[in-house]
């Protein structure tokens, strides 16, 4: 559960509301689109993509195909990694050619993950377009990348830690920000 | 922690965690072979040298494809076309290769310990692709990956290994890895092809007859009879060997009804395995080959993806 000194940005109920809002925006913008698909970036992006899929199915009756993308092999910092990131399974069970793909991730920060994800996606085909949906945009981009759908904007400095927790992998839904003064030196920067 | 070594020289000293993390990683690499574009940028700018002092098509090609699918530059060197024929020593050869700054050297050599010797001399990561009759770790790991597609890799599983155990690095690497995972290993071979002392190793059952080894086995691993060694007369005749130790339909019926049949290749059809079994529905021999690429991608990635 929430630790001391973390500022809670949203709880479970609020997260549901944000995801419902993002789902509605996706459907609104892609009205009439025949080949719309969701692709979640491992790990939490996949959980959020599944939620969007469920909300969209309940509200519009449309069953969107869902893919899972592991970006490890496309990272630009592999040569600097001190130990091995685990490669997990990518599953894109539909044809990407001509599709409109909504990439889903929990936090948008430097933009490097999204860059890697786009490279990964394009290896599977040529989508008509790629859009980006994130639960949290924390700013501080290092690449010219912007999200099409944002649940909540949380301006944070690189030293702050923004943490998204989802029930599927963490046991509860929550977004927190730990200000720089409280982030311990040894901990990794949160994404 | 997963696998965090400089080199992969054998399975004998791998831990359960290391084996499982290599297999888990390989599992994720399988999918790349099914993509329209079979290439990922993970090892872009890295150089992999395949240094083969012994003939090989399958293993060398497998390593080469694995390296190329990871976007590494793969360079192949075989002893027959290299300075080795001019009398250069192994150490001189690899020190020259090291001077060209490769990131990974994959080596196969006829002498036991060759890969270990090289690994101690150069900064590049070394993968043992077979050293004499000692070890061939990537073959054993791809065998485990293949078994895991059909069976649970855990204690309770029985694997029968039949054939020339004494001269087989494939058997050795498999035995070490299987024992580490707590899996029961039965070995069966003519007495001339059985290393002494095997029965003293915990987890190994030495069987005199193949029928004994096959009874209720979940996995049947047949080894190649190295016909090129037949001048040493390890058994009376190839026909006798096929009759007594060869895997045919009737013998396979002694194993579990859903047993799988494996062979590291190249096969001597009609000697250690009949065509009926090799091409039968229980054979997973070609799956082994496909899995070999995924497993070697995982190994190269885990050795070469690392910063130095």
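Throughout, read-outs are computed from the coordinates displayed, never taken from laboratory work. Just so it is clear, the model here is predicted, and its values are computed rather than measured. Don't worry about glycine lacking a Cβ; one is built from the backbone with ideal geometry, like all the others, and counts go over all protein chains shown.
Would you mind giving the mean number of other chain beta-carbons within 10 Å of the Cβ of each residue in B:36-48, as a whole number?
Details: counts 6, 4, 1, 2, 8, 9, 6, 3, 2, 1, 2, 0, 0.
That works out to 3 on average.
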Could you please state, rounded to a whole Å, how far the C-alpha centre of region A:1-66 is from the C-alpha centre of region B:178-193?
52
State whether chain B is rounded, prolate or oblate according to the following rule on the C-alpha gyration tensor (a ≥ b ≥ c being the square roots of its eigenvalues): a/c under 1.5 gives rounded; otherwise a/b larger than b/c gives prolate, and the remaining case gives oblate.
prolate
Which value in deg cm²/dmol, rounded to the nearest 500, describes the helix-derived mean residue ellipticity at 222 nm for chain B, given -39,500 (n - 2.57) per DSSP H run of n ≥ 4 and division by the residue count?
-10000 deg cm²/dmol
In whole Å, what is the distance between the alpha-carbon centres of region A:127-145 and region B:237-282?
56
Relative contact order [Cα under 8 Å, 6+ residues apart], region B:150-283, whole percent:
26
Debye equation applied to the C-alpha atoms of chain A, log10 I(q)/I(0) at 0.08, 0.14 Å⁻¹:
-0.25, -0.79
If you take the beta carbon distance between residue B:57 and residue B:196 as r and set R0 to 35 Å, what does 1/(1 + (r/R0)^6) give as a FRET efficiency, to the nearest 0.05?
0.60
Using a 10 Å cut-off on Cβ atoms, rank the peptides A:49-55, B:250-256, B:81-87, B:23-29 from the highest mean neighbour count down.
B:23-29, A:49-55, B:250-256, B:81-87
Could you tell me the center-to-center distance, by alpha carbons, between region B:84-158 and region B:1-25 in angstrom?
14
Starting from a Cα-only point model with no solvent, please compute log10 I(q)/I(0) by Debye for the protein assembly as shown at q = 0.09, 0.12 1/Å.
-0.74, -1.08
Please report the antiparallel percentage of DSSP beta bridges with both residues in the protein assembly as shown, rounded to the nearest 5.
15
Cα-derived Rg to Rh of region B:150-283, Kirkwood definition:
0.93
Helix-derived mean residue ellipticity, 222 nm - over chain A, DSSP H n ≥ 4, -39500 (n - 2.57), to 500
-8000 deg cm²/dmol
What is the mean number of Cβ atoms from other protein chains located within 10 Å of the Cβ atom of each residue in peptide A:85-91, rounded to a whole number?
6
Which whole number gives the average, over all residues in A:70-80, of C-beta atoms from other chains lying within 10 Å of the residue C-beta?
5
Mean separation of Cα contacts under 8 Å (at least 6 apart) over the residue count of chain B, i.e. the relative contact order in percent, is 21
What is the distance, in nm, between label points placed 7 Å from the Cα along the Cα-to-Cβ direction at residue B:92 and at residue B:73?
2.6
Net length gained if the chain between residue B:15 and residue B:240 were fully extended (0.36 nm per residue, minus Cα distance):
77.0 nm
Can you give me the distance in nm between label points at residue A:91 and residue A:181, each placed 7 Å from the Cα along the Cα-to-Cβ direction?
4.7
